[in-house]
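Read the figures in this text as sums done on the coordinates, not as results from a lab. The structure displayed is predicted, hence computed values, not measured ones. Note that each Cβ is placed from the backbone with ideal geometry, even for glycine, and that neighbours are counted across all protein chains shown.
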Amino acid sequence: MTHVLMISMDATLLTGAIGDSRARHIEYAQRAGSLDIVVCNTGKRLDAVDAPPLRIVPTNSTRRLAYVLDGYRAGLRLASECRPDVITTQDPFITGIIGLRLRRVLGVPLIVQNASSILESAAFAHESRLNRVLQLIARQVVRRADVLRVLNTSERSAAIRLGLPADRVHVIPIPTDVARFAQPDRRIDWRARLGLTAEDRVALWVGRAVPVKNIPLLMAAFERVAAQLPTARLVLAGDFDKTPYPAQIAQSGLQNVIKLAGRVVHADLPSLYQAANVYVHSSHYEGLGLVLIEAAAAGLPIVAVASDGPRDIVRHGESGLLVADNAVNLADDLAAALLELLRDPERAKQMGAHARADVMQRYDPARITGEWVGLWQSVATAARF
């Protein structure tokens, strides 16, 4: 049995607001033996979860600047009750710093997780001064980790270039319940709900409307698509209430072309994917892109900017189309790729079928969960001898 202490910033482990994070970590705990998680959070006070073999403890910090001290103290309290065999952190930033300190005090190995592509990403660094500082922190934290878990092969190469031995850097994606997305799901008639007809050719995007997702690029590309294909529609699923995009859609006269589905709970996503013809992804950088795996499992071909995560998931010309992220006219190229599939339903269906078969084989959740828990166990075992 392996006892794991995890430091996280994922409050949905406690709230269950989106995704299936809690369910995944319950399975991790059952497979490993026991799992304690410290969640660094602010805002509304959250209650702890005590459901052995899983325990989740919030810091309920008064401000983000208190995360390091609060997370460290919470980790020590849990470790005093049951000493961990291994520590893992959700990111190479704040939780990574906490993990390094806990490793020093507890004398157990540390696995740092890097769920994005930031070690060498110019796009990440250019977003803000804070990101430039975070990038420097990440490079120092991963160099000091006993083991690094990344989500794509490009970030693994970046870590090795930083000096980490290749055998200490592991590519392990986040497990996705691909079978659930592959099953027919018609509980919600999304086309009717969004005012779409059977003749409309629908591209779908799902996510958080944050800068890295590059929504302006997506909107610019789809304005070009709509000008050439009148039946083309873009559905954006996510919380856009506090963003400028609804007003921009109205000002550009695209209300009938770009549809806002609002925030969609995870249970309703399969039927949403199955209402579309193509999935589109425009992120500047991406560690993996779980939505790409979900969409592919639902039988959608993918059109994506070729950042690190999509390059691992999409087989260009087979399961979708990748657009070079350094293209001079990126909006034009993204629009051309979308038009290529929206205008050719038969080819889109064939690519979607290939995408489904491919991700069902490569992203089997039982195998990936076994790899992740197996890494905990192997690192803990090596430390005991």
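Once you have the Cα-Cα distance between Val265 and Ala382, take 0.36 nm times their residue separation minus that, and quote the gain in nm to one decimal.
On the way: separation 117, 0.36 × 117 = 42.12 nm, distance 4.07 nm.
Additional length available on full extension: 38.0 nm.
What ranking, highest mean first, results for peptides 287-300, 183-196, 67-80, 267-280 when packing means the other Cβ atoms within 10 Å averaged over each residue?
Per-residue mean Cβ counts within 10 Å order the peptides as 287-300, 267-280, 67-80, 183-196.
Determine the principal axes of the Cα atoms in the chain, then give the extent along each, sorted from largest to smallest and rounded to whole angstroms.
Reported extents, whole Å, longest axis first: 64, 42, 41.
Compute the long axis of helix 365-383 from its Cα atoms, compare it with the longest principal axis of the Cα atoms of the chain, and write down the angle in degrees, 0 to 90, nearest 10.
20
Return one number: the angle in degrees, 0 to 90 and rounded to the nearest 10, between the long axis of the Cα atoms of helix 21-32 and the longest principal axis of the Cα atoms of the chain.
The angle comes out near 40 degrees.
If you split all Cα-Cα distances of the range 178-362 into 10 Å bins from zero, what percentages do you get per bin, shortest first?
10, 41, 40, 8, 0
Between helix 330-342 and the chain, what is the angle of the helix's C-alpha long axis to the longest principal axis, kept within 0 to 90° and rounded to the nearest 10?
Compared with the principal axis, the helix lies near 70 degrees.
Give, as a single signed number, the net charge of other residues whose beta carbon lies under 12 Å from the beta carbon of Leu269, with Lys and Arg counted +1 and Asp and Glu -1.
Here the charged neighbours net out to -2.
In whole percent, what relative contact order does the range 178-362 give with Cα contacts below 8 Å and a gap of six or more residues?
In percent, rounded to a whole number, it is 25.
Mean projection of the alpha-carbon convex hull of the range 1-50 over all orientations, in nm²?
3.4
Which one of His316, Asn152, Pro109 has its Cα pushed farthest toward the positive end of the charge dipole of the chain, where Lys and Arg give +1 and Asp and Glu give -1 at the Cβ?
It is Pro109.
How far is the Cα center of the range 148-164 from the Cα center of the range 21-55, in Å?
27
Which whole-angstrom value gives the distance between the alpha carbon centres of the range 337-371 and the range 71-97?
37
Compute the signed sum of charges (Lys and Arg +1, Asp and Glu -1) over the other residues within less than 14 Å, Cβ to Cβ, of Leu164.
Working: positive: Arg139, Arg143, Arg144, Arg149, Arg156, Arg161, Arg168; negative: Glu120, Asp146, Glu155, Asp167.
My count for the surroundings of Leu164 gives +3.
Any chance you could run the full-extension gain for Glu340 through Val328? It's 0.36 nm times the residue separation minus the Cα-Cα distance, nm to one decimal.
Length difference between fully extended and current span is 2.4 nm.
Output the peptides 151-163, 245-257 sorted from most to least packed, where packing is the average of other Cβ atoms within 10 Å over each peptide's residues.
Final packing ranking: 151-163, 245-257.
Non-local amide H neighbours of Ile258 (under 5 Å, H modeled in plane, Pro and chain starts lacking H): which ones?
Here Leu234 satisfy the definition.
In nm, give the distance between the simple-model label positions of Arg64 and Asp189, each being 7 Å from the Cα along the Cα-to-Cβ direction.
With each label point 7 Å from Cα toward Cβ, the separation is 4.4 nm.
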